[in-house]
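Chemist: This is the structure, below, for whatever I ask next.
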Amino acid sequence: MKFICPVCKTAGDIAEDDSDQPEVQTTCPKCGTALSIERETDQARTAAAGTKPSGPRPKNETSSVLSMSSQAKGKKDYTAIGIFAVVLTVLIGAGVYLTLNIDRGILKQPLQKFSKLVKDVSQYGKAIFDEFQKERQPKSQETRLAKKHVREGYDHYKANRQKQAIEELSQAIKIDPQNTEAYFWRARAFIRLGQFDNAIADLNEVVELNPRYSPAYDNLGWLLMRRNKYDESLIHLNKSIELKPDNGWSHYMRSRIFFKKGDLQKALENAKTACKLGYKDACRDAKSYQSQLAEKE
């Protein structure tokens, strides 16, 4: 007897028997649906609830967790919980056993190493922080203190107390070795005391720290001119004029050096420039140089 499953449309075949029942109960071999097959028409329909199929249960029909009864699920849950509890108890017991029986010296070694590592890192971090604070906070305090000594040194310089000025300015340099003002005004104090070597040393320090500090070049030019080092003097005066072209004093000093070197033309040119910039002594020298050039003609 052949039939078509109304659910999955799979063709099936069951053996004929001598039963006089109008319908044969069976199960779809594919989807497992309980079916009733009419003998006369071979028409298949799903069996009524509670009807048991007469054929054997298909081999591929299996039960899933979702199809299990609540009673069966409960038994499975209790079993899983029991297994988990046993495993957890074993792990806790093993941990307690190891803690009580293992050599404590072995455990202490890693702990001691870790403690030392934490201590070293903490000390290193503190050292870095202290260095940062030292570089940040005290530096500004030192700068302010150095400026205070510079102001006091300058006040002594103006009052012609050169020794006191040098003491204050030296203190400023000790606190802040990069303070160009301290070096410059100490050089000026040395000049007033006639200590030209010390003055030149300080002025060289100024231009080393700040190559654009034009007053230092002026003073170096004047000091070197006094020592008849005209070419070296011109180097510094040229630099001063390069930085400050309207510096009448530098042009005037340069005119005097050219005069000493016997170059009246350049001496006249520089004297005229200094005169235009308002340096009166240069105006007088310009007339003198002009007259000397006229006499040579």
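Chemist: Could you list, in sequence order, the residues of region 277-297 that are assigned to a helix (DSSP H, G or I) and touching a Gly at 6+ places or on another chain (Cβ under 8 Å)? Please lay out each step first, then the result.
Modeler: Initial filter on region 277-297 (assigned to a helix (DSSP H, G or I)): 280-296.
Result: Ala282, single match.
Chemist: Kindly indicate which of Ala165, Ala271 is touching an Asp or Glu at 6+ places or on another chain (Cβ under 6 Å), in a helix (DSSP H, G or I) and surrounded by 21 or more Cβ atoms within 10 Å (Cβ to Cβ). Let's see the steps before the verdict.
Modeler: On the way: Ala165 fails: touching an Asp or Glu at 6+ places or on another chain (Cβ under 6 Å).
Sole residue among the options that is touching an Asp or Glu at 6+ places or on another chain (Cβ under 6 Å), in a helix (DSSP H, G or I) and surrounded by 21 or more Cβ atoms within 10 Å (Cβ to Cβ): Ala271.
Chemist: Filter region 251-274 for residues that are of a type in the set (A, V, I, L, M, F, W, C) and touching a residue at least 24 places away in the same chain (Cβ under 8 Å) and give the result. Let's see the steps before the verdict.
Modeler: First, pick out the residues of region 251-274 that are of a type in the set (A, V, I, L, M, F, W, C): 253, 257-259, 264, 267-268, 271, 274.
Correct list: Met253, Ile257, Phe259, Leu264, Leu268, Ala274.
Chemist: Kindly indicate which of Gly153, Gly194 is small (Gly, Ala, Ser) and more than 44 Å from the chain's Cα centre (by Cα).
Modeler: Details: Gly153 fails: more than 44 Å from the chain's Cα centre (by Cα).
Checking each option against the conditions leaves just Gly194.
Residue-by-condition table, conditions (1) closer than 26 Å to Ser214 by Cβ; (2) among the hydroxyl-bearing types (Ser, Thr, Tyr); (3) modelled with pLDDT of 95 or more; (4) not assigned by TED's automatic domain parsing to the domain that holds Leu224:
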{"site": "Leu107", "(1), (2), (3), (4)": "no, no, no, yes"}
{"site": "Lys113", "(1), (2), (3), (4)": "no, no, no, yes"}
{"site": "Lys116", "(1), (2), (3), (4)": "no, no, no, yes"}
{"site": "Lys119", "(1), (2), (3), (4)": "no, no, no, yes"}
{"site": "Lys134", "(1), (2), (3), (4)": "no, no, no, yes"}
{"site": "Tyr154", "(1), (2), (3), (4)": "yes, yes, yes, yes"}
{"site": "Tyr157", "(1), (2), (3), (4)": "yes, yes, yes, yes"}
{"site": "Lys163", "(1), (2), (3), (4)": "no, no, yes, yes"}
{"site": "Leu169", "(1), (2), (3), (4)": "yes, no, yes, yes"}
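Chemist: Does Phe196 satisfy the criteria of being over 27 Å from Arg144 (Cβ atoms), of a type in the set (Phe, Trp, Tyr) and not assigned by TED's automatic domain parsing to the domain that holds Lys261? Write out each step before concluding.
Modeler: Numbers: over 27 Å from Arg144 (Cβ atoms): yes; of a type in the set (Phe, Trp, Tyr): yes; not assigned by TED's automatic domain parsing to the domain that holds Lys261: yes.
Judged against the criteria, Phe196 is a match.
Chemist: On the basis of being surrounded by 14 or more Cβ atoms within 10 Å (Cβ to Cβ) and touching a helix residue (DSSP H, G or I) at 6+ places or on another chain (Cβ under 9 Å), does Leu277 make the cut? I'd like the intermediate steps shown before the answer.
Modeler: On the way: surrounded by 14 or more Cβ atoms within 10 Å (Cβ to Cβ): yes; touching a helix residue (DSSP H, G or I) at 6+ places or on another chain (Cβ under 9 Å): yes.
Answer is yes for this residue.
The values are calculated or read from the model by the stated rules, or taken from the named source; none is laboratory data. A quick note: this is a predicted structure, and the numbers were derived from the prediction, not measured. Cβ atoms come from the backbone with ideal geometry, glycine included; neighbour counts cover every protein chain shown.
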